[in-house]
Amino acid sequence: MNQGLSKSLHRFGGRESRGQNRSNGRSGGSCSADSGSPQGQTSIGAPEEQLWTLDSSNPLFYKIRKCISTAGTHLERYWESSDSDGFPQGPSFEALKELYGYIEDESNNRQAPLDIFRLLGDVHFERMMRLGWKIDADKAEFPYRFVMRMGVNEIDIAIRLMKILHVRYERTLLSEYVDEALEIGEMTAAGLEDDDEELPELLSVCAVLLLDQSDMNNSPESLQMAIELLRTADHLQEGAWGYRKLYIRQYLAETLHRRFEVCGDPADIFEAVKIFDEEDKMIASLEEISLDHDVNFTPKKFLPPGREDEESKLLPRILVDKFLWPYKLLEYTVLRTRTHYRFWKLNPVLGYLNMKIIQGMDKLDWILRFNSGSPWWHELLQLIGRIREEEQWRFYDPYTSSTGFSLISTGLFRAELMLKGWGPAGTDVPGFSTYLSELALSYKQQGAYYASAEAIRRSADGFMKCYYLTPPKNPRHAWYAALAAQNLLPFKGTIIQPTILSLLIDALTGQPPMYLEAKASIAAVLGAVALVKFEDREEPCHLKHAVNHFHAAMRLSETNSLAKLSRGCDYARCLGRLATTSPGEVEVKELEEVVTHLNFQLHQIRTYLDWRCEINIDEIQNAIAYLQQAQYMLTGDRQFADLAVAAWQFVFRRQHSKPLQRFSAAMDTLVLQQKIMPWIDKSARDPGKDAETLAEAVEAALALMSESDTRQEQLAKIVIVSSLPMKAASAALQAGTRVDEVIQLLERSRTHIWNRILARRLDVEILRQQAPSLADRFNAIRRRLPRAEDHLPMPGDSEYDLARFDPIKLLSQNIYHSTTDYELLLKQIRTQPGFENFPNLDLSAKELKKHAMNGAIVMFVHSQTSHAIIITSTAICAQELPEFCESECERHYDQLQHCLKRYQRFPDEASDMARNVLKWMWTAAAGPLLKTIKMMLPDTSTSTFRDLPRIWWICSGWINVLPIHAAGDYEKTSERPCSVYDMAISSYTPTIQALDYARKTLRGMKIKQSKNPSKALLVGMKYTPDSLDQDLPAVVDELQTIESMLQNTGNHCKIIKMGYPVSTFGKPALRKSVMSALRTCTIAHFACHGVAAEHDPLESRLYLQDWKKHPFTVGYIMANDLETCQLVNISACEVAVNNNAALREEGLHISGGMQMAGIPNTIATWWSVSDVHCVEFSKNFYDGLLSVNGVLNVCHAAASVREAAMALRNQGVSPVVWASYAHFGA
């Protein structure tokens, strides 16, 4: 087939004289390059003349004339209108159907049906080219084939049939369509005269099909032949102008662009750009011609030299070409934009994209009005979206990112509608992969920028879908396999790892695309895989493989300067790590050469680009820092360490750096300053610099957190950064930083989930008074923000199920752009006076003292050293606690856990061990702190326990699992106050902001409650179905006692009881029913089993009746809004326990979940409690809530907990029992 075309090329090519004699061709210039371009009602061509040879007495004569007139008129109206009409049941089709019924009889004249078939094909061909529908491809192909079978040798019909087959290939990626189209082209070319006017068009269409063949078979020969055919066609059209010439020229530029991507010769892309620049000038001149036939103009200046005498003949052609520009310019614009974008990737000069592409987009409005359903428009939308996103990721502009994704998603959505007829669903058609891959790439870039596993997962799903849609023999199949594997690398699981392996095998054994960029991408994927293996196994051989793969990827990236730079940085980082891991593998001289090369690249960027905004500069600086750190470790020369620190500081101090890059650079700096430098030179440690770097690392960690994060993403990031805030605060206190500044740092950087929830519930009335428009915008954007619970499950140990992936559904779920709008609005609000910390509280020293008006606040700073920050209404100070260090806290926590395990068998021994732990906590921390607080507070003589000072404890580190509220030397309590219980009323809060929220919430609830009767929800689980836990027989007595007490109060409390068995409690304790009751009750009491999850605190739960199908977990609880419940007493085990040490700062336990849902007071336990003692504690607790007049007052909750615990203590009960109870909240 190609050999035949080659012969045709040699036959027609290289004869310049033939380009001057084209006016005598059979078509007379009436057919345009797309062969669907109408010439009014005369588009039928030669067969039309034969049609009118029918005698007027023939009954078909008038019907044929009526049919042609009606169809032609309707087509003209279609060309003048938008795609919205589509004429699916237009009068032209009705006329054609009626006529076809008359001519079915073979005895009728056979000449008339050919005209009708051709007209029917023309109508459907036009709509296929404009809308891309399969039904039109089918209905156009059938009549064209019929005409060709009848022996009518019309070149334009052959060309149109070839174009239909080209469209079929684009939709299905099946090679037989291209092969058949090229056979038709070969046969048609063989029958042409050398000077035939249709020859250039035929050659250009064959060249487009050869482009398909080159992509399909990885054939550079087909690509080269396409270029030669187009050069020949261009030569034959020398001196001509109009759309036929434009069609040839635009595809000549496209083929040169493709050859550049294959061979990497810049001359090709430069020539392609030059061609489009020349055609741009021609189009600009044509735009001066009016569409109005009556307007006088002189087209001589638009005519080729020597052709001015043809003015009168060319006038109609000019008008027709102008009339059809919208359809034709859309295809031209896509090819032009694609070429300029590729040229920019080779030479990423600032402003080029905006100058060549973006500024001209407003001129496309009139094209869109006519062609909004065109496949070319779908592709252009995605292409412009990709360019917009390129601006975001390279030059940090959040607005363009949002615009870019919207364009990409709109193009995908429109493409899916277009492709519905090509398969069972639009998303199941192989051609859909072209559009879907753009969405997958967009999510990949979002995942890299926001450090979002959810976005990476969506990208992996997208590429997996493309992988399955593409035929295995198609080169894109291997490429999609590599991209899907790369995106699945961050995920672990027994199913995911084999999936990655299978994808990599397909990528390596398949036939990847011949484009250099595709080969470079696969090499980069292999490098990433090797790097992951090294990090898992720490085997230097894998790191060496990563170095080799990234070096190969860098060398193959000749067509993409930005990608080459990025892969060069990956290579440099791996080389630096290899040098430090296996010093003998890399020489210092090699490191110096790479550093020199990167510095040169840095100079180039700063010379040709706006280096203040160019994001690639961070990658270079990061890579240089790795190499200089390696040089320092190999040579011991301090200057290399200083240069590495300076390079990393540049990255994490830049606001426009990627959040993950900022954080990584800060952490690498800390490792270098705190570990590597002191190891090489002990005098290199500088505490002041450490404190500064730690504070900046905290800011980088905050930038890493995004409002778009799902709950699992939040937890994963928190685990990474959990130790930073306390280290930074500890170093700041040692460096002499002001205490209120340390508090502000801790309030911003701890309890990220709490802070996010509080921001979503923030009352903006104060902001509204000062800036009402900003307040309204804040509320509007806040409502659009994604809920952390609204996300798809991550791939893991469960089976990888691609069926759950719905790309069209995801278009309405892009969670990042609302986040960007939210963050930009926050910056604007913070410019208002008094709102500098919005949405966080003002925590200046003056405001901090106001928060301590109702009692002291003690904030522990627990890291390498231990401090406590004390806030009272009169002063703020920090107190060092040298005996309360991290190692001692861990040791005594182990002792406490040991005594809890032995309590059932050896209660006396366990009780003594518990008293020893409480005594140590008293002497090491609580005693000195209470002494300081007493000195700071005004002298108050107390008469009752309710007059004792309040203390809110804010714990950190190991102190989160130690009951500081129960600390005391209980051997001496009979002599004098020697415990926290004796001297204060304790409560816990995760942050000052959470405390402020609980107080405000409680005040609002009490105001509302005064207008409504009280309700109490009592939930008891005597038995837990399908559980091995012990029964709780005392639950029945506990709830009966509470019910009796509540009914006798002055609150006129309505009781709602739920539990199991139902016969005992009246209603089943189902999750839905319990949560519904919580939304309306005033107080709630749970008496059941509870458990703290081992790893994921969101899975900690209370056991209700339907706990297996519908678990009452922390994650479920905190996702609700409870606006009336003022207090919940959770009489269950481990309610205030978080077993994940990295997440203890977050307050993620059952009690914390209740507070996050909006309940301002919770009573919880630190460990397992006795069923029997729960009854006694609950009775004393509710008795303490009663005021003098018998009214229940939840404001006494903290004091009542203390009283109930002390009652058990005074009865001689073990501290293992009474020390477990604590109050959380207001």
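The values are calculated or read from the model by the stated rules, or taken from the named source; none is laboratory data. Source: prediction; values computed, not measured. Counting neighbours? That spans all protein chains shown, and the Cβs are built from the backbone with ideal geometry, glycine included. Surface accessibility is based on the protein's heavy atoms, side chains included, excluding ligands, DNA and RNA. Shrake-Rupley method; radii C 1.70, N 1.55, O 1.52, S 1.80 Å.
Filtering the stretch 1108-1124 to residues that are open to solvent by less than 40 Å² (accessible area, probe 1.4 Å) and either under 12 Å from Gly1152 (Cα atoms) or touching a residue at least 60 places away in the same chain (Cβ under 8 Å) (or both) leaves Thr1113, Val1114, Gly1115, Ile1117, Met1118, Ala1119.
For the stretch 544-603, the tally of residues that are within 30 Å of Met514 (Cβ to Cβ), of a type in the set (Lys, Arg) and either within 27 Å of the chain's Cα centre (by Cα) or at pLDDT below 85 (or both) stands at 3. For the stretch 1041-1058, a residue qualifies if it is of a type in the set (A, V, I, L, M), part of a helix (DSSP H, G or I) and open to solvent by 10 Å² or more (accessible area, probe 1.4 Å), and exactly one does: Met1045. Of the residues making up the stretch 174-212, those that are acidic (Asp, Glu) and open to solvent by less than 10 Å² (accessible area, probe 1.4 Å) number 2. Quick one: is Asn854 within 24 Å of Gln993 (Cβ to Cβ), open to solvent by 50 Å² or more (accessible area, probe 1.4 Å), of a type outside the set (D, E, K, R) and touching a residue at least 12 places away in the same chain (Cβ under 8 Å)? Considered against the rule, which asks whether it is within 24 Å of Gln993 (Cβ to Cβ), open to solvent by 50 Å² or more (accessible area, probe 1.4 Å), of a type outside the set (D, E, K, R) and touching a residue at least 12 places away in the same chain (Cβ under 8 Å), Asn854 comes out as yes. Can you tell me which residues in the stretch 1079-1089 are within 12 Å of Phe1112 (Cβ to Cβ) and at pLDDT 95 or above? Scanning the stretch 1079-1089 gives a single hit, Phe1086. Picking from residues in the stretch 477-506 that are within 16 Å of Ala440 (Cβ to Cβ) and either out of contact with any helix residue (DSSP H, G or I) (no Cβ under 8 Å at 6 or more places or on another chain) or not in a helix (DSSP H, G or I) (or both), the one that is modelled with the lowest pLDDT is Phe491.
Of all residue pairs spaced 6 or more apart or on separate chains, those with beta-carbon atoms under 6 Å, a first member in the stretch 180-196 that is over 16 Å from Asp156 (Cβ atoms) and a second member that is modelled with pLDDT of 90 or more are Glu180/Leu165; Leu182/Leu209. Could you please give the count of residues in the stretch 434-473 that are in contact with a Pro (Cβ under 7 Å, 6 or more places away or on another chain), part of a loop (DSSP other than H, G, I, E, B) and within 14 Å of Asn487 (Cα to Cα)? Result for the stretch 434-473: 1. The conditions of being open to solvent by less than 80 Å² (accessible area, probe 1.4 Å), small (Gly, Ala, Ser) and either at pLDDT 90 or above or more than 43 Å from the chain's Cα centre (by Cα) (or both) are met by Ser1014. Scanning the stretch 1108-1123 for residues that are under 27 Å from the mean Cα position of the chain (by Cα), within 17 Å of His1089 (Cβ to Cβ) and either hydroxyl-bearing (Ser, Thr, Tyr) or in a loop (DSSP other than H, G, I, E, B) (or both) yields a count of 2. The helices (runs of 4 or more DSSP H) falling completely within the stretch 633-725 that include 3 or more residues that are hydrophobic (A, V, I, L, M, F, W, C) and within 23 Å of the chain's Cα centre (by Cα) map to 659-671, 687-704, 711-721. Of the residues Ala1198, Ala1204, the single one that is touching a residue at least 60 places away in the same chain (Cβ under 8 Å), small (Gly, Ala, Ser) and at negative phi is Ala1198.
Residues in the stretch 400-425 that are surrounded by fewer than 20 Cβ atoms within 10 Å (Cβ to Cβ) and either at pLDDT 80 or above or in contact with a strand residue (DSSP E or B) (Cβ under 8 Å, 6 or more places away or on another chain) (or both): Ser406, Thr410, Phe413, Leu417, Lys420, Gly421, Gly423. Scan the stretch 1059-1089 for residues that are open to solvent by 20 Å² or more (accessible area, probe 1.4 Å) and outside any loop (DSSP other than H, G, I, E, B) and jot them down. Passing the criteria: Tyr1060, Val1062, Ser1063, Thr1064, Arg1071, Lys1072, Ser1073, Ser1076. For beta carbons closer than 6 Å, sequence separation of 6+ or different chains, a first residue in the stretch 767-787 that is farther than 21 Å from Asn837 by Cβ and a second that is hydrophobic (A, V, I, L, M, F, W, C), the qualifying pairs are Pro786/Ile815.
With respect to (1) surrounded by fewer than 19 Cβ atoms within 10 Å (Cβ to Cβ); (2) among the charged types (D, E, K, R); (3) at pLDDT 85 or above; (4) under 24 Å from Lys727 (Cα atoms), the lone exception for Asp668 is condition (1).
If the condition is being open to solvent by 60 Å² or more (accessible area, probe 1.4 Å) and either under 21 Å from Arg457 (Cα atoms) or without any contact (Cβ under 8 Å) to a residue 60 or more places away in the chain (or both), then the stretch 503-514 contributes Ile505, Leu508, Thr509. Among Leu704, Leu672, Leu660, Leu694, which is the only one that is out of contact with any Asp or Glu (no Cβ under 6 Å at 6 or more places or on another chain), of a type outside the set (Gly, Ala, Ser) and closer than 25 Å to Glu585 by Cβ? None of the others qualify; the one that does is Leu672. When the stretch 1175-1193 is limited to residues that are open to solvent by less than 10 Å² (accessible area, probe 1.4 Å) and modelled with pLDDT of 90 or more, the one that is nearest to Met1021 (Cα to Cα) turns out to be Ser1178.
For the stretch 877-927, the candidate set comprises residues that are basic (Lys, Arg) and open to solvent by less than 80 Å² (accessible area, probe 1.4 Å); within that set, the residue that is modelled with the highest pLDDT is Lys919.
Applying the condition of being assigned to a helix (DSSP H, G or I), β-branched (Val, Ile, Thr) and open to solvent by less than 10 Å² (accessible area, probe 1.4 Å) to the stretch 977-1011 and asking which residue is nearest to Leu948 (Cα to Cα) yields Val980.
Among the residues of the stretch 761-780, the one identified as open to solvent by 40 Å² or more (accessible area, probe 1.4 Å) and touching a Leu at 6+ places or on another chain (Cβ under 7 Å) is Arg777.
Scanning for something in contact with a Pro (Cβ under 8 Å, 6 or more places away or on another chain) and assigned to a helix (DSSP H, G or I), does the stretch 542-552 turn up at least one residue? No, the stretch 542-552 has no match at all. Among the candidates Asp234, Asp215, the residue that is open to solvent by 20 Å² or more (accessible area, probe 1.4 Å) and without any contact (Cβ under 8 Å) to a residue 40 or more places away in the chain is uniquely Asp234.
For the stretch 426-433, the condition holds for at least one residue, the condition being that it is in a helix (DSSP H, G or I), open to solvent by less than 30 Å² (accessible area, probe 1.4 Å), in contact (Cβ under 8 Å) with a residue 24 or more places away in the chain and touching a Cys at 6+ places or on another chain (Cβ under 8 Å).
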